[in-house]
Amino acid sequence: MIRLKDVEKEYENGTYALRGISLTIEDGEFVFLVGPSGSGKSTIIKLLTGEILPTAGRVVVNGFSLTKISDRQIPLLRRSIGVIFQDFRLIEKKTVYENLSFAMRAVGASPRTIRSRIPYVLELVGLEEKADQYPHELSGGEQQRVAIARALVNNPYTIIADEPTGNLDPARSLEIMRLLNRINELGTTVVIVTHERDLVNRFHKRVVLLEAGQITGDGIGYDAR
Amino acid sequence: MRHDFGYFMREGVGNLFSHGFMSFAAIGITVACLLIMGTFSLVAYNAEKLLETLQSEYEILAFVDEGYNDAQTKAVGEALKKLPNVKAVEFITREEAMEAFEERTLDDYMRAHIEPDMFRDRYAVYVNDLNTVNQTAKAVHDADGVDDVRVDEDIAGGFILVRNVAGAVSLTLIAILLVVSVFIISNTIRLTTFDRRDEIAVMKMVGATNWFIRWPFVYEGFLLGLLSSVIAFGLQWLVYATVAKSIAAADTLQFLRTVPFAEIWRPVALSFGAAGVVIGVGGSLTAIRKFLQV
């Protein structure tokens with residue numbers, strides 16, 4: 001579960017990114033976080049992954065209180081979240097399989113767990129045939145699916161996707177959204193940051209609208225406000 | 001989380017080879033630093049050993065007043081024994097002194113014409129510490145019944161100088177070269193961390209602990225240091241043996257006795273190993289300090 005209560009964030013240069021945000025996302029929800037650039041979407045993601053601390057208010061993610069989290073606990077918080085980026089962030093010199101095993105190894109998974117988990121996740125994202133290919137041999141949509149597989153491979157409670165379709169054409173974008181929807185149906189909480197109104201409107205899901213650091217809408221569908 | 005030694009070591013070795021030339025350069029410079037440190041330390045050590053030998057053989061000759069009888073002469077010996085820094089005194093009669101002289105001289109004419117009367121009864125005074133031999137000589141000279149003294153100041157002074165200079169230089173050099181080697185290794189490892197910044201970012205993103213991220217670099221530094229110390233030890237052995245051999249072969253340097261390397265290889269190997277590991281691990285910890293932040 002994600003809970004933000006009266007969260008404010010002022011950066012050191014004086015920019016006010018968030019001006020008193022309260023938001024609760026229950027386990028198993030599928031939420032679009034939308035808003036123009038500069039509205040504070042990226043700040044929320046950085047808060048949720050423990051990259052930055054709020055100036056005021058409380059942030060709780062999967063049981064970790066981020067206002068008083070210790071440095072030792074931050075890795076544990078991050079294991080409970082899978083993050084997906086617009087630019088995929090795959091390791092170019094590793095194959096698809098190695099990208100996934102690397103992510104599992106990094107959190108101490110045994111070779112046995114790795115061998116049994118990766119085929120399952122690759123099948124889920126439809127890339128079981130591409131396990132031995134390198135990222136540059138794949139299309140953008142396929143690379144993003146590898147990134148999704150990597151986010152899923154350590155079995156997180158929550159998937160956070162930051163503009164996951166920003167680099168993809170509309171058909172691939174729809175595919176990625178459907179995949180994320182499917183992952184949500186399997187029980188993982190999914191939070192997607194995007195500004196693609198058309199795409200959001202194709203799914204009948206909760207939409208939180210962010211403008212100038214404040215929540216200005218929260219309901220089903222983009223036009224719910 | 002358990003320490004996955006095999007994994008960290010494999011990654012560390014991989015890092016070494018990912019920057020083969022840089023690793024090679026870092027090892028080369030570290031070897032040079034270790035060799036310089038080792039050489040000066042060994043020179044200081046040998047000078048110290050020579051001084052010890054010299055100290056045990058070094059004597060101040062105290063000539064007893066010609067007018068003294070046996071009892072008085074004996075009293076002089078007792079008095080000398082009580083002086084500070086005096087280890088032992090040995091009485092040498094004029095006859096013994098003459099015999100010793102005859103053994104030393106090759107001049108037949110001299111040998112045929114010397115008489116015991118030409119010599120004086122004397123005490124050979126042995127000291128504990130060569131550093132203060134001048135004060136001791138003065139005290140001996142001032143003692144009742146001592147007519148005159150003879151000391152070999154120059155030899156002692158020369159060795160004290162060599163030991164002190166080599167000792168001071170090796171301490172200073174060790175300090176400077178340690179910093180230099182740590183810096184070089186640190187830079188090599190920083191290059192690897194830069195090369196692997198994508199992997200580090202992914203590891204952080206998926207929740208690897210800081211130490212999981214750091215360990216391969218610590219192993220890389222450890223290996224760089226250890227390899228350097230092994231190579232430096234081998235070279236040091238070679239250099240030492242060669243120099244010792246040429247000293248032994250040189251006629252003019254007969255009085256210089258070097259300690260055989262076989263007698264000191266254990267402490268030398270231990271010091272090189274320890275210095276190498278300290279340099280390597282110190283270098284990697286310096287390089288990865290910036291990954292302390294989450």
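The values are calculated or read from the model by the stated rules, or taken from the named source; none is laboratory data. All values derive from a computational prediction rather than experimental measurement. For neighbour counting, all protein chains shown are included, and Cβ atoms are generated from backbone atoms with ideal geometry for every residue, glycine included. Heavy atoms of the whole protein, side chains included, go into the accessibility calculation; ligands, DNA and RNA do not. Shrake-Rupley method; radii C 1.70, N 1.55, O 1.52, S 1.80 Å.
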Accessible-area composition of the range B:56-152, carbon plus sulfur, in percent [1.4 Å probe]: 48
Which residue fluctuates most in the GNM of chain A (Cα springs below 10 Å): A:Ala131, A:Ala171, A:Ala147? A:Ala171
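For chain A, what is the charge dipole size about the Cα centre, in debye to the nearest 20, if Lys and Arg each add +1 at the Cβ and Asp and Glu each add -1 at the Cβ? Don't jump to the answer; show the numbers that get you there.
Numbers: 29 positive and 28 negative charges, 139 e Å.
The dipole magnitude comes to about 660 debye.
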When the accessible area of each residue in the range B:1-28 is compared between its chain alone and the complete protein assembly (1.4 Å probe; ligands, DNA and RNA ignored), which residues differ by at least 40 Å², being lower in the assembly? B:Met1, B:Tyr7
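For the range B:56-152, what is the charge dipole size about the Cα centre, in debye to the nearest 20, if Lys and Arg each add +1 at the Cβ and Asp and Glu each add -1 at the Cβ?
Values: 11 positive and 23 negative charges, 99 e Å.
Charge dipole of the range B:56-152: 480 debye, to the nearest 20.
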Taking A:58-67, A:159-168, B:66-75, B:170-179 and ranking on average Cβ neighbours within 10 Å, highest first, one gets A:159-168, A:58-67, B:170-179, B:66-75
With only alpha-carbon atoms in the gyration tensor, what are the semi-axes of the equivalent ellipsoid for the range B:56-152, in Å, largest first? 25, 17, 10
Calculate the translational D of chain B in whole µm² s⁻¹ from Stokes-Einstein, where the hydrodynamic radius comes from the Kirkwood formula applied to all Cα pairs, the temperature is 20 °C and the viscosity 1.002 mPa s. 90
Carbon/sulfur fraction of accessible area - the range A:30-98, other protein chains in place, 1.4 Å, %: 51
5 Å is the cut-off here: which amide hydrogens, built 1.01 Å from N in the peptide plane, fall below it relative to A:Gly217, excluding neighbours closer than 5 in sequence? A:Leu209
Need one value for A:75-82: mean number of C-beta atoms belonging to other chains within 10 Å of its residues' C-beta atoms. 4
Mind checking which of B:Leu50, B:Gln72, B:His113 is farthest towards the positive end of chain B's charge dipole, using Cβ charges of +1 (Lys, Arg) and -1 (Asp, Glu) about the Cα centre? B:Leu50
Which ³J(HN,Hα) values in Hz, rounded to whole numbers, follow from the phi angles of the range A:188-203 under the Karplus curve 6.51 cos²θ - 1.76 cosθ + 1.60, where θ = phi - 60° and Gly and Pro get x? 8, 5, 10, 10, 10, 8, 7, 10, 8, 4, 4, 5, 4, 6, 6, 10
Taking the Cα centre of each part, how many Å lie between the range A:6-38 and the range A:55-80? 16
Near B:Lys82, which lysines are there with a Cα under 28 Å away, not counting those fewer than 8 places off in the same chain? B:Lys49, B:Lys74, B:Lys138
Between B:Val206, B:Val162, B:Val243, find the one with the highest GNM mean-square fluctuation for chain B; connect C-alpha pairs within less than 10 Å. B:Val206
Give the B-A buried accessible area in Å², both sides summed, 1.4 Å probe, nearest 100. 1700
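To the nearest 500 deg cm²/dmol, what mean residue ellipticity at 222 nm is calculated for chain B from DSSP H runs of n ≥ 4 alone, each contributing -39,500 (n - 2.57), summed and divided by the residues? It would help to have the intermediate numbers written out before the result.
Numbers: 10 runs with 211 residues, N = 294.
Roughly -25000 deg cm²/dmol at 222 nm, from the helical runs in chain B.
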Per residue, in Å², the accessible surface of the protein assembly as shown once ligands and nucleic acids are set aside, probe 1.4 Å: 50
What residues have an amide H closer than 5 Å to that of A:Phe32, excluding those fewer than 5 places away on the same chain, when H is modeled at 1.01 Å from N in the peptide plane? A:Ile192, A:Arg206, A:Val207, A:Val208
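Based on the alpha carbons, how large is the Rg to Rh ratio for chain A when Rh follows Kirkwood? It would help to have the intermediate numbers written out before the result.
Numbers: Rg = 17.4 Å, Rh = 18.0 Å.
Radius of gyration over Kirkwood radius for chain A works out to 0.96.
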Treat every Asp and Glu Cβ in chain B as -1 and every Lys and Arg Cβ as +1, leave all other atoms uncharged, and give the resulting dipole magnitude about the Cα centre to the nearest 20 debye. 2980
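Roughly how crowded by other chains is peptide B:206-217, in terms of the mean Cβ count from those chains within 10 Å of each of its Cβ atoms? It would help to have the intermediate numbers written out before the result.
Numbers: counts 17, 17, 9, 8, 4, 1, 5, 2, 0, 0, 0, 0.
Mean shielding by partner chains, rounded to a whole number: 5.
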What angle, in degrees between 0 and 90 and rounded to the nearest 10, separates the Cα long axis of helix B:153-195 from the longest principal axis of the Cα atoms of chain B? 0
Long-range HN-HN contacts of B:Asp147 with modeled amide H, under 5 Å: B:Phe63, B:Val64, B:Asp65
